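Asker: So that we are looking at the same thing, I have put the structure below in structure tokens.
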Amino acid sequence: MFSANAKFRLGLLSLALCSTLVWAQTPGAPVNLQAQPAKMNAAATSAPILGAAMAGQRIVAVGNYGTVLLSDDAGKSFRQSAKVPVSSTLTAVSFADDKQGWAVGHWGAILHTADGGESWEIQRLDSQEDRPLFSVHFFNAREGVAVGLWSLVLLTSDGGKTWIPSELPAPPEGGKGDRNLFKAFVSAKGSLFVAAERGAVLRSDDHGRSWRYLMTDYKGSFWSGVGLADGTLLVGGLRGTIYRSGDDGHTWQAVNSGVKSSLTDLLAVGDKVVGVGLDGVQVDSADRGASFTWTQRDDRLSLTAVAAVGNGKLQRFSKRGVVTDGNAK
């Protein structure tokens, strides 16, 4: 059974950014979408978007029904990728350079592009169990990690041609390693961290082959995380919670975000940090996450992802797709 936090996160990733939670299909349930190509849609820019990344100067965003959006003009306009081989929800995307990228999502899907997101191919798909992948990070064009539901960790060292499971150790309180893993990110030193549920952050110093738990005093879920150039680490999630580490993850301190709405994405832009979340909230820090100010959209549109497109501009995404107002901050 899913925990309450896992259900809420699954609901978010399944586009239920409201009170309704979306159920996950059980193993062996009929599969309708995962291996059908995404359809071209004139309203694709209004599809719920869950993840975004930069491929060089190009913005690549992914979301509902296999939607992949591309922008080559810093977010002024977007177009839909015409060759996406799945119609299931895509949750995250990562690029090693301006051409080589990977997207992950429901049914454990991992897709690869070699042309900056114009076309994609399936590297992995589990047709027997919808065990979603929530995040993906590539260190370079060959080494990458994808993480997801119930401590699912997959590693590749050949650009995704093969993916190998990596088992998590038992958590400090005992029992099996079954935490939901929501966001993979790296520190300035190159260590890999994962923001997870039940107040946990996981760390690997060997690109995901071995792991250890870094526990905070928080009991809820961390949905996102980011590493700053000076070594500062930040994780954020439920009810506006943010924790900060200035000693490479050894200790963590709570930081007041000023909001109670859950944070869905954190982004570092130099020494500045921006976070977006449900109910149209945005939090900003000018001191490496030591303190935050906040704003809230009048329409309370839930924000799901944010990308830095250069010249101080941010591109935000939401449960209603591309956010077209207030991009320059």
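The values are calculated or read from the model by the stated rules, or taken from the named source; none is laboratory data. As the structure is a prediction and not an experimental result, all values here were calculated from the model. Cβ placement follows ideal geometry from the backbone for every residue including glycine, while neighbour counts extend to all protein chains displayed. Areas reflect the complete protein model, heavy atoms only, side chains present, ligands, DNA and RNA absent. Shrake-Rupley method; radii C 1.70, N 1.55, O 1.52, S 1.80 Å.
Asker: Order these peptides, 215-221, 188-194, by their mean beta-carbon neighbour count within 10 angstrom, highest first. Mind showing how you got there, number by number?
Answerer: Numbers: 215-221: 16.4, 188-194: 18.0.
Per-residue mean Cβ counts within 10 Å order the peptides as 188-194, 215-221.
Asker: Can you compute 3J(HN,Hα) from phi for each residue in the stretch 107-114, using the Karplus curve 6.51 cos²θ - 1.76 cosθ + 1.60 with θ = phi - 60°, rounded to whole Hz and x for Gly and Pro?
Answerer: Calculated HN-Hα couplings, in order: 6, x, 5, 10, 10, 10, 10, 10 Hz.
Asker: Quick one: check the C-alpha center-to-center distance for the stretch 259-311 versus the stretch 82-156, whole angstrom.
Answerer: Comparing the Cα centres of the stretch 259-311 and the stretch 82-156, I get a distance of 25 Å.
Asker: What order do you get for 205-211, 229-235 when each peptide is scored by the mean count of other beta carbon atoms within 10 Å, highest first?
Answerer: Details: 205-211: 16.4, 229-235: 20.4.
The packing order, highest mean first, is 229-235, 205-211.
Asker: Something else now. Just the number, please: carbon plus sulfur as a percent of the accessible area of the stretch 157-308, 1.4 Å probe, no ligands or DNA/RNA counted.
Answerer: Ligands and nucleic acids excluded, carbon and sulfur reach 49 percent.
Asker: May I pose another question? Expressed in nm², what is the orientationally averaged projection area of the convex hull enclosing the Cα positions of the chain?
Answerer: 14.7 nm²
Asker: Moving to a separate point now. Could you grab the relative contact order for the chain? Cα pairs under 8 Å, six or more apart, rounded to a whole percent. Don't skip to the end; give the middle numbers.
Answerer: Details: 944 pairs, mean separation 37.4, N = 329.
Result for the chain is 11 percent.
Asker: Before anything else, pin down the relative contact order of the stretch 238-314: Cα pairs under 8 Å, at least 6 apart, normalised by residue count, whole percent. Provide the component values of the computation, followed by the final result.
Answerer: Working: 167 pairs, mean separation 18.9, N = 77.
In percent, rounded to a whole number, it is 25.
Asker: While we're here: Checking the cross-link filter: which aspartates and glutamates have an alpha carbon closer than 14 Å to that of residue 260, excluding same-chain neighbours under 8 positions apart?
Answerer: Within the straight-line cut-off, residue 260 pairs with 279.
Asker: Give me the net charge for the shell around residue 279: Cβ to Cβ below 13 angstrom, other residues only, Lys and Arg +1, Asp and Glu -1.
Answerer: +3
Asker: While we're here: Say we join alpha carbon atoms closer than 10 Å with springs in a Gaussian network model of the chain; which of 256, 180, 64 then has the biggest fluctuation?
Answerer: Largest GNM mean-square fluctuation: 256.
Asker: Which aspartates and glutamates does residue 39 reach when only Cα atoms under 20 Å apart count, and residues fewer than 8 places away in its own chain are ignored?
Answerer: Partners within reach: 115, 118, 121.
Asker: So with the 1.4 Å probe, I'd like the accessible area per residue for the chain, rounded to whole Å².
Answerer: Ligands and nucleic acids excluded, the result is 41 Å² per residue.
Asker: How do 291-304, 90-103 rank on mean C-beta neighbours within 10 Å, highest first?
Answerer: Numbers: 291-304: 16.4, 90-103: 22.6.
The packing order, highest mean first, is 90-103, 291-304.
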